[in-house]
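The values are calculated or read from the model by the stated rules, or taken from the named source; none is laboratory data. Here the structure is a predicted model, which is why all the values come from computation and not from measurement. Every residue, glycine among them, receives a Cβ derived from its backbone with ideal geometry; neighbour counts consider all protein chains shown. Ligands, DNA and RNA are excluded from the accessible area calculation, which covers all protein heavy atoms including side chains. Shrake-Rupley method; radii C 1.70, N 1.55, O 1.52, S 1.80 Å.
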Amino acid sequence: MIRFSLLAGVPILLVIILIVCLHSCSKKEQAEPVQASGSTSATENSVPETTSSTSSETAQHSDKENSSQESSQQDSSEESSKEESSQSEEEMLTYDNPHQYSINYNRFSPDTMSELEQNITSGYVALYDVTRDEIIFSHNYSKKCFPASTTKLLTAITACRIITDPNKVITVGDEITMIDPESSIAYLQEGMQLTFEMLIDALLLPSGNDAAYTIAVNCGRIYKNNPKLSNEKAVKAFMEQVNVAAEQIGAEHTHYVTPDGIHDDDHYTSAEDLVKIGDYAKTIPLINKSCSKAYVEWDLVKGGSIAWSNSNKLVQWDSGFYSEYCDGLKTGFTDQAGTSVVASATMKGHTLIAVVMDGQTLYTKYEDCNLLFKKGFELYDLNYTYG
């Protein structure tokens, strides 16, 4: 009887096992589409299978490492691309100068040459005829001299290659404290906001050393694409480009260390180089326009106004040295450099540039310039008047 009961229970047990198996298979089939879709459910993550769990965690860890490596490579690639872009932008700063500056001292008669040699007293002199691309008079033409604030012409040239929008607003910072105590200034104040055109006027008319450093620091940061660059590093970056500009323009005897021209024994140029720098400056409309202004008044970006007079007496109508034909360019003075000017004048489509360095008195430079211009324009039968 007991054997019969056991035998009778076997089919029932088999049926139960079969039902359980079928139910288990049904659940597995329902779970498989989820795995196929690539997602992982919370239930599957909790399956207590050490080997499977460890394998899954290893795979996830490997995926994370690969993802991290890919992310790192991408960041590195982006940084490299950014550096290449920055380098590319640096390479775009070029200063092509087509002029040859050939020397022709035979344009003047022997009598005129004698008159110029006797009356021009400044230490370093050059007269350049832009129309003919010729140097027609010089004295100590290629010898080393100190530029003083005529430096600011090359500062302006370089700045105009870095900032091309005259309406770009620039905020004056504490870089203005970097100037020498004896500096000529444009009376800029920290926090003051000016357009780039205003700053060029502040640089070239009153010869503001404060404007020179504001331009240098802001241009250095823009050029290096680093707004957090320190004042010192920004000035250094800018001055590197100033010297690149000098080299490409053809100013082979020039090396500048400051944007304003305060004396430094390693900051020098020549009359020959200043002819090239002055000539190039006149090809940039913003600089050419600024240098010709006798006086300017600007409304500042955040209210208030500021005004400057041009330090160049050749464009000041009541100075005694004024000529209606003079249209620039830049004066300079330090004890070591003496009094100097890079000047330009235009009559009936003909332009002359005079470089007069190391004048003997405060106004010698203007007297020398006007005599040079007078004799130069006579070559075109033009009557240059002044005074």
Exercise for the section: Could you check, for segment 378-386, whether at least one of its residues is in a loop (DSSP other than H, G, I, E, B) and among the β-branched types (Val, Ile, Thr)? Expected result: yes
Completion exercise
Taking segment 223-244 and keeping residues under 11 Å from the mean Cα position of the chain (by Cα) and open to solvent by less than 70 Å² (accessible area, probe 1.4 Å) leaves Tyr223, Ala234, Val235, Ala237, Phe238, Met239, Gln241, Val242
Practice task
State whether one or more residues within segment 205-220 are open to solvent by 30 Å² or more (accessible area, probe 1.4 Å) and within 21 Å of Pro166 (Cβ to Cβ).
Solution key: yes
Practice task
Counting only residues that are more than 28 Å from the chain's Cα centre (by Cα), give me the strands (runs of 3 or more DSSP E) lying completely in segment 320-374 with at least 3 of them.
Solution key: 338-347, 350-359
Completion exercise
For segment 310-343, the count of residues that are farther than 18 Å from Ser122 by Cβ, charged (D, E, K, R) and buried (at least 18 other Cβ atoms within 10 Å of the Cβ) equals 1
Handout entry: Selected residue (criterion: farthest from His253 (Cα to Cα)) from residues of segment 107-144 that are of a type in the set (Asp, Glu) and touching a residue at least 60 places away in the same chain (Cβ under 8 Å)
Key = Glu115
Fill in the blank from the handout: Checked pairs for segment 293-308, first without any contact (Cβ under 8 Å) to a residue 24 or more places away in the chain, second among the acidic types (Asp, Glu), C-beta under 7 Å and 6 or more apart or across chains, list as Ser305/Glu297; Ser305/Asp299; Ala307/Glu297
Exercise for the section: Check segment 152-161 and report whether any residue there is closer than 29 Å to Lys276 by Cα and in contact with a Gly (Cβ under 8 Å, 6 or more places away or on another chain). Expected result: yes
Fill in the blank from the handout: Within segment 152-177, restricting to residues that are in contact with an Asp or Glu (Cβ under 8 Å, 6 or more places away or on another chain) and not small (Gly, Ala, Ser), the one that is most open to solvent (accessible area, probe 1.4 Å) is Asn167
Practice task
Would you be able to say whether some residue in segment 159-182 is in contact (Cβ under 8 Å) with a residue 40 or more places away in the chain and of a type in the set (S, T, N, Q)?
Solution key: no
Handout entry: From the options Leu127, Leu116, residue that is over 22 Å from Asp265 (Cα atoms), of a type outside the set (Val, Ile, Thr), modelled with pLDDT of 95 or more and within 37 Å of the chain's Cα centre (by Cα)
Key = Leu127
Practice task
Output the residues belonging to segment 128-151 that are in a loop (DSSP other than H, G, I, E, B) and touching an Asp or Glu at 6+ places or on another chain (Cβ under 6 Å).
Solution key: Tyr141, Ser142
